[in-house]
Amino acid sequence: MELTLDERAFLAHHGIPLSAVFDASGLSKSEWRERARAEGKPVIIGSPCARGGHRLRTRSGHCVQCDSSKLAYHRRHGKPGWVYVAGSLRGKVVKIGSTENVRDRERSLCAEAYAGLDDWEMLFHLYLPNAGEVELRALALLGAAGAGLAYAKEGRSQKASEVRRCSTAEALQAIYDALDGARIEGDPWLSKRNGLYDWRPPR
Ligand SMILES: [Zn+2]
């Protein structure tokens with residue numbers, strides 16, 4: 001089903017990639033509910049709503065254009081988002097994380113000086129229906145090397161539990177191993193600078 005300009009603008013505004021929209025045309029409500037859930041897609045495009053003739057709905061059938069708070073609710077509970085790898089050359093570490101807003105994440109990591117470092121750059125990201133789960137599994141697979149790097153934040157000692165002393169390649173391998181059959185939505189993005197992080201980790 002073709003999306004209108006208005007629909008595309010609405011999705012872009014809410015940070016929903018087109019790949020997260022399930023095309024419900026020709027399917028009954030029970031069919032699209034089940035299939036959109038199985039594919040981890042939080043939004044469907046289907047029949048127009050009674051109030052405004054909008055076609056974008058949550059998986060429970062609420063019009064997200066009439067009430068975009070429905071969208072926030074469903075996104076939180078469906079937990080789609082980006083799993084990412086960021087790196088700090090100064091710290092010689094990478095960080096695996098997940099976020100609903102990958103565009104702002106590099107800036108916010110630097111601004112908050114995560115792990116006491118302010119030169120974070122985005123190296124890789126991938127949109128997934130279960131980004132948070134994959135993040136946690138990947139961190140577990142990487143083990144504890146470099147984990148818990150202590151740093152001071154607002155005068156208090158913090159531990160950076162998402163940081164690892166490993167190369168980009170090792171972090172990516174852990175993410176792909178952690179997918180465990182999860183559906184990949186959209187194309188993974190990899191920074192051309194990822195090779196700068198391929199030092200040999202200390203053993
Ligand atoms: Zn509507």
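The values are calculated or read from the model by the stated rules, or taken from the named source; none is laboratory data. Just so we're clear, the structure is a prediction, and the values are computed from it rather than from any experiment. Every residue, glycine among them, receives a Cβ derived from its backbone with ideal geometry; neighbour counts consider all protein chains shown. The accessibility values were calculated without ligands, DNA or RNA, using every heavy atom of the protein model including side chains. Shrake-Rupley method; radii C 1.70, N 1.55, O 1.52, S 1.80 Å.
Residues that are more than 15 Å from the chain's Cα centre (by Cα) and under 23 Å from Cys110 (Cα atoms) within the stretch 185-200 comprise Ser191, Lys192, Arg193, Asn194, Gly195, Leu196, Tyr197, Asp198, Trp199, listed in sequence order. In a residue-by-residue description of the stretch 44-54, the property of being touching a helix residue (DSSP H, G or I) at 6+ places or on another chain (Cβ under 6 Å) and open to solvent by less than 70 Å² (accessible area, probe 1.4 Å) applies to at least one position. It is to be established whether one or more residues within the stretch 81-96 are open to solvent by 40 Å² or more (accessible area, probe 1.4 Å), at pLDDT below 90 and under 15 Å from the mean Cα position of the chain (by Cα). Taking every residue of the stretch 81-96 in turn, none turns out to be open to solvent by 40 Å² or more (accessible area, probe 1.4 Å), at pLDDT below 90 and under 15 Å from the mean Cα position of the chain (by Cα). Here the condition is being assigned by TED's automatic domain parsing to the domain that holds Asp187, within 13 Å of the chain's Cα centre (by Cα), open to solvent by 40 Å² or more (accessible area, probe 1.4 Å) and more than 21 Å from Asp198 (Cβ to Cβ); of Leu128, Leu136, it holds for Leu136 alone. Among the criteria (1) surrounded by fewer than 19 Cβ atoms within 10 Å (Cβ to Cβ); (2) within 13 Å of the ligand (Cβ to nearest atom), the one Ala113 does not fulfil is (2).
The selection criterion, being assigned to a strand (DSSP E or B), open to solvent by 60 Å² or more (accessible area, probe 1.4 Å), without any contact (Cβ under 8 Å) to a residue 12 or more places away in the chain and not polar (S, T, N, Q), holds for Asp187. Do we have His54 as under 19 Å from the mean Cα position of the chain (by Cα), of a type outside the set (A, V, I, L, M, F, W, C) and within 16 Å of the ligand (Cβ to nearest atom) here? It is false that His54 is under 19 Å from the mean Cα position of the chain (by Cα), of a type outside the set (A, V, I, L, M, F, W, C) and within 16 Å of the ligand (Cβ to nearest atom).
Report, by residue number, each residue of the stretch 170-184 that is over 13 Å from the mean Cα position of the chain (by Cα) and either on the phi > 0 side of the Ramachandran plot or open to solvent by less than 10 Å² (accessible area, probe 1.4 Å) (or both). Hits for the stretch 170-184 are Ala171, Ala174, Ala178, Asp180, Gly181. Is there a residue in the stretch 18-39 that is under 16 Å from the mean Cα position of the chain (by Cα), surrounded by 19 or more Cβ atoms within 10 Å (Cβ to Cβ) and away from the ligand (no atom under 15 Å from the Cβ)? The answer is yes, given that some residue of the stretch 18-39 is under 16 Å from the mean Cα position of the chain (by Cα), surrounded by 19 or more Cβ atoms within 10 Å (Cβ to Cβ) and away from the ligand (no atom under 15 Å from the Cβ).
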